[in-house]
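Below: the structure, in structure tokens.
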Amino acid sequence: MLELILVYLTSFGVALYATPALIRVAILKRLTDVPVEDRKIHKRSVPTVGGIIIYAATVFSFALWYKIEDGMEYDEIYKSIEEFKLIIATSLVLFFVGVKDDIIGTAAVKKLFAHILVALILVLIGNIRITSLYGVFDVWDIPYWASVFVSLFTYVVVVNAFNLIDGVDGLAAGVGMLSCWSFGIWFIFAGNYSLAALSFSLAGALMGFLVFNFSPAKIFMGDSGSLIIGLFVCILAIKLIEFPVEKLDKFWVHISKPMFVIAAMIYPLLDTLRVFIIRTLKGQSPLIADRNHIHHHLIERGYSHVKTVCIIYGFTIVTIGLSLLDFFIPDANIGLIVLGGIALLFLFFVLVLNRKHAKVS
């Protein structure tokens, strides 16, 4: 536990100390986001390369405190080292794609290609994939081809989901931090130090970054940050879903792992599903940018950036808490219905507010 605290404090300290210098350099080199498009919420130029600090702080802390756990057999040690190498290698790909997009822009098709390439490496080489739905829709083990397809789809969706919610000061960083906290705590109880360390490395970096990204933001994370958050969170989510049940204690063994993971990422998944459906029904590309996200509706209703992100933070925390009720109702399908119901109520609440606002204006 002490080492995990050091992991968290290390990444937090690096982000807190290094971000002001990055802000000055970004302003000096004009690496800023200029509000020239109608879909931009901010009204001033803001540095947009904060992902550099998030990635650097996370990888530095994780690599510094990474260790081989006592009692591990040779095969487990080899697998742990191979996974560490793949995580660093694939994250580098997305990081540089994000940096390029933040500085000079990158076509959506090229970014999608990078997502698929990274997903293929992790699934086919790293074997970090979903092999079962663990009772969701009464489905358990799935064939290899379906496992590969579901895993690739999951990587692309989750990475893009965190990228798409980066539209309000402190939103993507805060939601990512909450997801990492929940995963980190889960892995502590599961007794897996390495995955807990990765969770808290990213959580610490995001908390340090939030000091400067919370409204009014002095710096944005850009794609270099949101893509990294999505990748790391997705890896942690799949590793959690696939964690051996026999290694869990009496409480966590009764909690549906897929439901817990969905709850931790509920807002990015819900918002992405919603905007993709709306764009498709309008005959638009699902990847086109607009101001139809839930957080945009809250801002248009008159909520400040701070109140908007706090509402979404609260929604995420409540949903994670509700997923733990599965201990008393051990049925993945009932858990899915509960989470879906809460998500729909939240969506209805936001849409009603927006409709009232439209009538008043």
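The values are calculated or read from the model by the stated rules, or taken from the named source; none is laboratory data. Everything numeric in this text was worked out from a predicted model, so none of it was measured. Methodologically, a virtual Cβ is constructed for each residue, glycine included, from the backbone with ideal geometry; neighbour enumeration extends over all protein chains shown.
A few points about this structure:
- Some residue of segment 60-67 being of a type outside the set (V, I, T), over 24 Å from N160 (Cβ atoms) and assigned to a loop (DSSP other than H, G, I, E, B): yes
- Looking only at segment 66-84, and only at residues there that are of a type in the set (S, T, Y) and in contact (Cβ under 8 Å) with a residue 60 or more places away in the chain, the one that is surrounded by the most Cβ atoms within 10 Å (Cβ to Cβ): S80
- Failed item in (1) modelled with pLDDT under 80; (2) touching a Pro at 6+ places or on another chain (Cβ under 9 Å), with S45 passing the rest: (1)
- Residues in segment 189-227 that are polar (S, T, N, Q), more than 14 Å from the chain's Cα centre (by Cα) and in a helix (DSSP H, G or I): S194, N213.
Okay, residues lined up against (1) in a helix (DSSP H, G or I); (2) surrounded by fewer than 18 Cβ atoms within 10 Å (Cβ to Cβ); (3) modelled with pLDDT of 75 or more; (4) in contact with a Phe, Trp or Tyr (Cβ under 7 Å, 6 or more places away or on another chain):
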site	(1), (2), (3), (4)
P286	no, yes, no, yes
F315	yes, no, yes, yes
L325	yes, yes, yes, no
L344	yes, yes, no, no
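- Residue count for segment 246-270, restricted to those that are of a type in the set (S, T, Y), in a helix (DSSP H, G or I) and closer than 16 Å to L236 by Cα: 0
- The listed residue being at pLDDT below 95, in contact with a strand residue (DSSP E or B) (Cβ under 7 Å, 6 or more places away or on another chain), surrounded by 12 or more Cβ atoms within 10 Å (Cβ to Cβ) and of a type in the set (A, V, I, L, M), out of I125, I142, I87: I142
- D101 being in contact with a Lys or Arg (Cβ under 9 Å, 6 or more places away or on another chain), crowded, with 16+ Cβ neighbours inside 10 Å and of a type in the set (D, E, K, R): yes
- Annotation note: Cβ proximity below 8 Å between a residue of segment 133-150 that is among the charged types (D, E, K, R) and a residue that is part of a helix (DSSP H, G or I) (sequence gap 6+ or interchain) occurs for D138/N333.
- When L164 is tested against the conditions (1) among the hydrophobic types (A, V, I, L, M, F, W, C); (2) under 21 Å from I317 (Cα atoms); (3) buried (at least 21 other Cβ atoms within 10 Å of the Cβ), the lone failure is (3).
- Taking segment 201-256 as the range and being without any contact (Cβ under 8 Å) to a residue 60 or more places away in the chain and acidic (D, E) as the test, only E246 passes.
- Among residues that are surrounded by fewer than 24 Cβ atoms within 10 Å (Cβ to Cβ), closer than 12 Å to V233 by Cα and hydrophobic (A, V, I, L, M, F, W, C), W186 is not included.
- For segment 128-139, taking the residues that are hydroxyl-bearing (S, T, Y) and either closer than 22 Å to I116 by Cα or in contact with a Ser or Thr (Cβ under 6 Å, 6 or more places away or on another chain) (or both), the one that is modelled with the lowest pLDDT is identified as S132.
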